[in-house]
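Structure, as structure tokens:
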Amino acid sequence: MTQLSKHFTLAEMTVTTSGLANNPNPQQLARLTATAQAMEPVRALLAAPIRVNSGFRSAAVNKAVGGKPTSAHAQGYAVDFVCPAFGDPMTICRAIVASGIKFDQLIMEKNRWVHLSFDPRMRQQVLSWWGGPYKSGLVSK
């Protein structure tokens, strides 16, 4: 088992149900490792295990799940996750925003999961998505 950081393994950061190969190249692996390390303060904040739904996505996996070619997942910068022991995704997002943790993009997606990316732009962009256009900030449906 390859550990990328204290709490995150390569296997969980490349999980896919697509049945397709999902192996990062060396550059993507370096980014994914940095992303796993950037998730450690989030793990500490939530003080409970995080379940990764989607981390890195190979080009084939990204296409199969309908991701944009420019997706932060395809570059190794993003993680979609839940933390049921802490609360629902909206509660998690509010805690992350209030914590001051640095990120590029935080998206509360349909209150089903949290998308968090660590692209080097580090825009601190906060969005909500309910299936239509993205809304700025953490907003309810």
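Nothing in this text is a laboratory measurement; each read-out follows from the coordinates by a stated rule. Computed from a predicted model, the values in this text were never measured in an experiment. Counting neighbours? That spans all protein chains shown, and the Cβs are built from the backbone with ideal geometry, glycine included.
General observations
- Dividing the mean sequence gap of close Cα pairs (under 8 Å, 6+ apart) by how many residues the chain holds gives a relative contact order of 19 percent.
- Packing, as the average of other Cβ atoms within 10 Å across residues, places the peptides 131-138, 77-84 in the order 77-84, 131-138, highest first.
- Loop trypsin sites (Lys or Arg not before Pro), region 1-108 (other Cβ atoms within 10 Å of the site Cβ: 16 or fewer; DSSP): K6, K102
- Set of lysines with alpha-carbon distance to K68 below 26 Å, sequence-local pairs under 8 removed: K102, K110, K135, K141
- Footprinting exposure proxy ranking of I92, I101, fewest other C-beta atoms within 10 angstrom first, gives I101, I92.
- Across region 33-41, coupling constants 3J(HN,Hα) worked out from phi with the 6.51/-1.76/1.60 Karplus curve, θ = phi - 60°, read 5, 4, 5, 4, 5, 5, 6, 4, x Hz, and Gly and Pro carry x.
- Fewest-first ranking of M1, M122, M13, using other Cβ atoms within 10 Å as the exposure measure: M1, M122, M13
- Karplus-derived 3J(HN,Hα), 6.51/-1.76/1.60, for each residue of region 27-32, Hz, glycine and proline x: 5, 5, 5, 4, 5, 5
- DSSP-defined beta bridges in the chain - what % are antiparallel, rounded to 5: 75
- Every helix of 4 or more DSSP H residues in the chain counts as -39500 (n - 2.57), and over all residues that averages to -9500 deg cm²/dmol at 222 nm.
- Summarised in one figure, the compactness ratio Rg/Rh of the chain, Cα atoms and Kirkwood Rh, is 0.93.
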